[in-house]
1. Take the solvent-accessible surface of the protein heavy atoms, probe 1.4 Å, and return the percent of it on the chain that carbon and sulfur atoms account for.
2. Just the number please: accessible area per residue for the chain, 1.4 Å probe, all protein chains included, in Å².
3. If each residue of separation counts as 0.36 nm, what is the full-extension length gain between residue 32 and residue 49 once their alpha-carbon separation is subtracted?
4. Extension gain residue 41-residue 23, at 0.36 nm per residue separation less the Cα-Cα distance, in nm?
5. Have a look at 50, 29, 40 and tell me which one the Gaussian network model of the chain (Cα, springs below 10 Å) gives the largest fluctuation.
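The values are calculated or read from the model by the stated rules, or taken from the named source; none is laboratory data. Not measured: the values here are computed from a predicted model. Heads up: the accessible areas ignore ligands, DNA and RNA and are worked out on the full protein's heavy atoms, side chains in. Shrake-Rupley method; radii C 1.70, N 1.55, O 1.52, S 1.80 Å.
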Amino acid sequence: MHARGDGERVAAVVSAVAPPGARFETSESGETVTVRVETSVPLLPGLTLSASAVAAMEPGAGDG
């Protein structure tokens, strides 16, 4: 969504599909956008699970 220029929806989607309490951050670098989500693992104290996704910005996405 962020790569399509709809970065405001990222928070809603993360809260809908990620575990409760998950945190996320987005960053842009040149022609790409990265979204990283991380959360703690209740059954394994001290462990943090994270995942990142990288996508190319779609044409016109930043022209708003």
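1. Result for the chain: 55 percent of the exposed heavy-atom area is carbon or sulfur.
2. 73 Å²
3. 3.8 nm is the gain from fully extending residue 32 to residue 49.
4. 5.2 nm
5. 29
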